[in-house]
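**Q** My questions all concern the structure below.
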Amino acid sequence: MSTTTRDLEDLSPFGYGDRSPANDIDGTDPKSAVALGPDVTPWELAADVNDPEIPALSIADLGILRAVEVSDDGGTVTVTITPTYSGCPAMKAIEHDLRRVFTEAGYREVVVDVVLAPAWTTDWITPRGLAALEESGIAPPTGTRAVAGPVSVGLSVRCPHCGDFDTEVLSQFGSTSCKALYRCNTCREPFDWFKTLR
Amino acid sequence: MGAVPEFAGERYAAETYSPLVDLTLRLGDDALVLSQRLMEWVASAPVLEEDVAIANIALDLLGQGRMLISYAGSIMSPPKSEDELAYLRQAREFRSSHLVEIPRGDFAQTMARQLVFSTYQSLLYAELTHSTDATIAAIAAKASKEVRYHLDHATQWVLRLGDGTDESHERMQAGLDVVWPYVDELFDADSGVEVYDGPQTDEKLRPLIDAGVCPDFGALREPCIDQLTAVIETATLTVPQTKWHARGGRRGVHTSDLDFLLAEMQSVHRAYPGATW
């Protein structure tokens with residue numbers, strides 16, 4: 001794989017594949033993080049990427065953005081993310097978005113590291129993230145553990161539409177891995193609940 | 001014994017796997033094959049919610065399988081990619097149990113298998129969370145959280161169907177009867193004795209057990225059967241009696257069901273080698 005990639009890289013002024021196309025056209029140095037402007041930190045840049053399956057939520061508010069590190073010369077940025085669920089299909093899209101954002105900001109090389117430990121938990125969703133979920137009609141994770149063993153523990157999930165606690169679970173599995181399907185018994189609206197995962 | 005027969009299936013024959021690769025493939029192949037079986041329900045489940053639920057469970061298992069198989073590939077010599085291992089191995093090279101490869105049957109039979117596998121997986125992965133192998137521990141910690149939901153889902157259905165109408169009771173019992181002979185293999189070393197006399201510790205995994213990488217699978221059998229028995233009896237069903245036990249999956253001996261499953265799963269990759277999108 002590496003041989004082919006390198007040949008194509010040499011041929012193309014914009015590089016090839018996942019490599020950054022940005023700054024090497026005239027051989028000048030890559031921009032440093034300073035070029036982003038004094039107000040935008042690399043963390044904020046990464047935090048600007050949203051989860052494609054829950055666009056209301058940035059990856060920072062979701063708690064899957066774990067670290068952003070810039071090399072001493074300012075050319076390479078290493079972004080560390082962790083998946084919500086093992087099979088989360090959004091990871092690849094998030095990785096591509098991170099590459100695009102940092103490439104556009106002038107980084108020569110973008111490394112996206114996916115780590116598994118410590119395992120993600122809904123406790124890492126920020127207060128702003130919880131509010132954004134509710135605002136977009138998704139009930140945020142509740143404070144107690146959802147499943148303690150082979151039998152479900154009854155929980156009061158608040159309806160994000162009318163605010164009533166008289167809701168029932170329709171299915172523990174919803175439109176994405178991280179959500180369950182609920183219905184409000186008061187306003188009769190179905191809604192997604194972001195499953196508590198600890 | 002002289003030369004080993006030269007056919008493709010022997011490329012990954014048991015003796016060429018290191019114990020750690022063998023362990024990781026057993027875990028990963030179980031997840032991958034069961035994921036593929038579950039996906040057969042997509043667009044055919046009894047109700048829409050179940051379609052979504054089963055697809056989600058399959059997706060979790062696929063994710064777990066990918067992580068485990070990628071890890072196995074990374075410690076092979078020479079290293080292999082997850083795609084090579086998933087799409088280019090033959091049935092003889094898979095280390096999955098027979099439980100995950102048998103046909104899905106009706107919905108009750110699928111739920112019977114899910115109950116058995118989720119119970120086994122929840123007990124096993126709870127142990128693996130403390131593995132001295134950091135990668136296995138991390139994957140197990142992540143997977144354990146997901147498996148709790150899978151176990152809850154299967155338990156609810158077994159209770160509902162078992163303690164439901166005459167027909168649902170009958171079909172749930174029939175489903176359990178089909179999967180029960182496949183339970184013991186999950187805990188069995190299958191180290192080659194002719195006469196089956198209960199699960200034995202796997203000598204191949206012995207170094208890993210001693211090093212704290214994995215538990216002795218045989219020790220998990222009793223708590224697993226106890227937990228299954230509790231659910232089955234609460235569901236007014238009967239724990240099946242069986243006169244035979246499936247064996248062989250862990251050393252690559254499978255039923256023809258796996259061949260058909262792989263033919264479907266691998267068809268695109270084999271038709272368009274190296275294709276990406």
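The values are calculated or read from the model by the stated rules, or taken from the named source; none is laboratory data. Computed from a predicted model, the values in this text were never measured in an experiment. Here the Cβ is made from the backbone with ideal geometry for all residues, glycine too, and neighbour counts use every protein chain on show. Heads up: the accessible areas ignore ligands, DNA and RNA and are worked out on the full protein's heavy atoms, side chains in. Shrake-Rupley method; radii C 1.70, N 1.55, O 1.52, S 1.80 Å.
**Q** If each of B:LEU48 and B:THR276 carries a label point 7 Å out from its Cα toward its Cβ, how far apart are those two points in nm?
**A** In this crude label model, B:LEU48 to B:THR276 measures out at 3.8 nm.
**Q** Continuing with this model, one more query. For chain B, taking Cα atoms only, what is the radius of gyration to one decimal and the Dmax to the nearest whole Å?
**A** Rg then Dmax for chain B, in Å: 18.3, 61.
**Q** Note the per residue figure in Å³ for the convex hull of the C-alpha positions in segment B:118-276.
**A** Working: hull volume 26.9 nm³, N = 159.
Measuring per residue, one finds 169 Å³ for the Cα hull of segment B:118-276.
**Q** Given a 1.4 Å probe and every protein chain left where it sits, what share in percent of the accessible area of chain B is carbon and sulfur? The partial results should precede the final answer.
**A** Details: 6610 of 11880 Å².
Answer for chain B: carbon and sulfur cover 56 percent of the accessible area.
**Q** Taking every alpha carbon pair in segment B:31-144, what does the distance histogram look like in 5 angstrom bins from 0, in percent?
**A** 2, 11, 19, 22, 20, 15, 7, 3, 1, 0
**Q** Calculate the FRET efficiency for A:HIS96 and A:GLU168 from the Cβ-Cβ distance with a Förster distance of 35 Å, rounded to the nearest 0.05. Could the numbers behind the result be given before it?
**A** On the way: r = 38 Å, r/R0 = 1.09.
Once the sixth-power term is evaluated, E becomes 0.35.
**Q** Could you work out the mean count of beta carbons from other protein chains within 10 Å of each residue's beta carbon in A:87-99? Write down the numbers at each step before the final one.
**A** Working: counts 15, 3, 3, 0, 1, 0, 0, 0, 0, 0, 0, 0, 0.
Per-residue shielding by partner chains comes out at 2.
**Q** Follow-up. Given the DSSP H assignment, sum -39500 (n - 2.57) over each helix run of at least 4 residues in chain B and divide by its residue total; what's the result at 222 nm in deg cm²/dmol, nearest 500? If you can, show how the numbers build up before the last one.
**A** Values: 11 runs with 157 residues, N = 277.
When only DSSP H runs of four or more count, the value is -18500 deg cm²/dmol.
**Q** Once the Cβ-Cβ distance between B:ASP106 and A:GLU69 is put in as r, and R0 is 60 Å, what FRET efficiency do you end up with, to the nearest 0.05?
**A** On the way: r = 53 Å, r/R0 = 0.88.
In this case the efficiency is close to 0.70.
**Q** When the accessible area of segment A:56-96 is split by element with a 1.4 Å probe, what percent falls to carbon and sulfur?
**A** Working: 600 of 1300 Å².
Result for segment A:56-96: 46 percent of the exposed heavy-atom area is carbon or sulfur.
**Q** Per residue, how large is the accessible surface of segment A:49-183? Use a 1.4 angstrom probe and give square angstrom.
**A** Numbers: 5580 Å² over 135 residues.
Accessible surface, normalised per residue, equals 41 Å².
**Q** How high is the relative contact order of chain B, in percent, with contacts defined as C-alpha pairs under 8 Å that are six or more residues apart? Don't skip to the end; give the middle numbers.
**A** Numbers: 389 pairs, mean separation 66.1, N = 277.
About 24 percent, as a whole number.
**Q** Rank by packing, highest mean first: peptides A:98-106, B:71-79, with packing defined as the count of other Cβ atoms within 10 Å averaged across residues. Provide the component values of the computation, followed by the final result.
**A** Details: A:98-106: 19.3, B:71-79: 15.4.
Ranked by mean Cβ neighbours within 10 Å, highest first: A:98-106, B:71-79.
**Q** Hey, another quick one. Using a 10 Å cut-off on Cβ to Cβ distances, tally the other chain neighbours for every residue of B:59-70 and report the average as a whole number. Intermediate values should be presented prior to the final figure.
**A** Values: counts 8, 6, 2, 3, 8, 3, 2, 2, 5, 1, 0, 0.
The mean count of partner-chain Cβ atoms within 10 Å per residue comes to 3.
**Q** Sticking with this one: Jot down the per residue volume, in cubic angstrom and as a whole number, of the convex hull over the alpha-carbon atoms of segment B:23-90.
**A** Looking at segment B:23-90, the number lands at 75 Å³ per residue.
**Q** Next up: Per-residue counts of other Cβ atoms within 10 Å, averaged by peptide: what ranking do you get for B:86-98, B:248-260, highest first?
**A** Working: B:86-98: 22.1, B:248-260: 18.6.
Highest-to-lowest ranking by the protection proxy: B:86-98, B:248-260.
**Q** Now for a separate question. How large is the direction-averaged shadow of the alpha-carbon convex hull of segment B:53-106, in nm²? Working shown, then result.
**A** Numbers: hull surface 18.1 nm².
Answer in nm², one decimal: 4.5.
**Q** Same structure again: Other chains near A:78-85: what is the mean number of their Cβ atoms within 10 Å of each residue's Cβ?
**A** Working: counts 0, 0, 0, 0, 2, 3, 2, 10.
The mean count of partner-chain Cβ atoms within 10 Å per residue comes to 2.
**Q** So, R0 is 41 Å and r is the distance between the beta-carbons of A:VAL40 and B:ASP83; what FRET efficiency does that work out to, to 0.05?
**A** Values: r = 38 Å, r/R0 = 0.92.
Efficiency for this residue pair is about 0.60.
**Q** On to the next question. Is the shape of segment A:42-122 best called rounded, prolate or oblate, per the rule: a/c under 1.5 gives rounded, else a/b larger than b/c gives prolate, else oblate, with a ≥ b ≥ c the square roots of the Cα gyration tensor eigenvalues? If you can, show how the numbers build up before the last one.
**A** Details: a/c = 1.96, a/b = 1.55, b/c = 1.27.
Prolate is the answer for segment A:42-122, as a/c is 1.5 or above and a/b outweighs b/c.
**Q** Oh, and also: Roughly how many debye, to the nearest 20, is the charge dipole of segment A:56-198 about its Cα centre, given +1 on each Lys and Arg Cβ, -1 on each Asp and Glu Cβ, and no other charges?
**A** Magnitude of the dipole: close to 420 debye.
**Q** Per residue, how large is the accessible surface of chain B? Use a 1.4 angstrom probe and give square angstrom.
**A** On the way: 11880 Å² over 277 residues.
Here the per-residue accessible area is 43 Å².
**Q** So how much accessible surface do B and A hide from each other in total, probe 1.4 Å, in square angstrom to the nearest 100?
**A** Working: alone 13050 and 10930 Å², together 21670 Å².
Using a 1.4 Å probe, the pair buries roughly 2300 Å².
**Q** What aspartates and glutamates does A:LYS195 reach when the alpha-carbon gap must be under 15 Å and sequence neighbours fewer than 8 apart in one chain are set aside?
**A** Cα-Cα hits under 15 Å: A:GLU53, A:ASP123, A:GLU134, A:GLU168, B:ASP60, B:GLU146, B:ASP152.
**Q** Please list B:203-213, B:54-64 highest first by mean number of surrounding beta-carbon atoms within 10 Å per residue. Please list the in-between numbers first.
**A** On the way: B:203-213: 15.6, B:54-64: 24.3.
Sorting B:203-213, B:54-64 by mean packing, highest first, produces B:54-64, B:203-213.
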